[in-house]
Every structure is written in structure tokens, then in C-alpha cells.
Amino acid sequence: MSGRTRVRACPQRTCVGCRKRSDKPDLLRVVLSGGRCVPDLRGTLPGRGAYLHPMSICLDQAVRRRAFNRAFRGPGPFDVTALRRQMEQIEQAET
Ligand SMILES: [Zn+2]
């Protein structure tokens with residue numbers, strides 16, 4: 001019998017949309033590629049990343065507060081079309 005429960009500290013990241021912290025696996029990593037925000041589904045793309053809940057509302061908030069400009073240190077505007085499509089796909093898959 002083992003009375004020890006392994007508590008693994010899950011790395012946390014802040015969503016650039018709603019500014020809430022979540023466990024890293026619950027967030028979608030976003031990287032900048034050629035002026036466009038693209039979802040990093042495997043977490044393997046190089047470069048500066050931003051984290052976002054995979055939900056359209058968080059994407060909307062991030063766009064409204066220009067969170068990507070801050071995250072990617074650029075004036076923008078950044079194309080979030082690919083991201084929006086990704087969010088919609090995830091949302092559709094969940095309903
Ligand atoms: Zn969020």
C-alpha cells in the first residue's frame with residue numbers, strides 16, 4: 001500500500017484573452033509565423049508563443065486588447081484567420 005499521492009505541479013500559463021491562468025495543456029499555444037498568428041497544436045513550433053484558451057471569446061478578447069501585439073512585440077495587425085478557424089473547429093467538435 002502506498003499512501004503517497006504524487007502531486008505533480010502542472011505548469012501554468014496565462015491566457016492572453018481572458019487573463020486567467022490555466023494548466024498549460026488546457027491552453028492553445030499560438031506562435032507568430034510570417035505576420036500571422038497560427039495555432040501550435042503540437043507545441044513544437046519555434047519562436048515566441050502566446051497562450052490562449054481554445055475558445056472564440058478568448059480570441060476576441062485578445063484581439064480587442066491587442067494582446068498579440070504585446071505577446072509578439074510587434075505593431076501588428078496580426079492575421080488571426082487561421083486561429084479563428086481553429087477555435088471554431090474545436091468548438092464544433094465539442095458540441
Ligand atoms: Zn481565456
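The values are calculated or read from the model by the stated rules, or taken from the named source; none is laboratory data. Only a predicted model underlies this, so the values are computations on that prediction, with no experimental measurement involved. Note that we place each Cβ from the backbone using ideal geometry, even for glycine, and neighbour counts take in every protein chain shown.
Quick one: would you say Arg29 is closer than 20 Å to Gln12 by Cβ, surrounded by fewer than 19 Cβ atoms within 10 Å (Cβ to Cβ) and more than 12 Å from the ligand (Cβ to nearest atom)? Criteria met by Arg29. Entry remark, the range 15-71: residues being of a type in the set (Val, Ile, Thr) and touching a helix residue (DSSP H, G or I) at 6+ places or on another chain (Cβ under 8 Å) number 3 in total.
Residues in the range 1-26 that are modelled with pLDDT under 95 and part of a loop (DSSP other than H, G, I, E, B): Met1, Ser2, Gly3, Arg4, Thr5, Arg6, Val7, Arg8, Ala9, Cys10, Pro11. Residues in the range 27-48 that are part of a strand (DSSP E or B) and among the β-branched types (Val, Ile, Thr): Val30, Val31, Val38.
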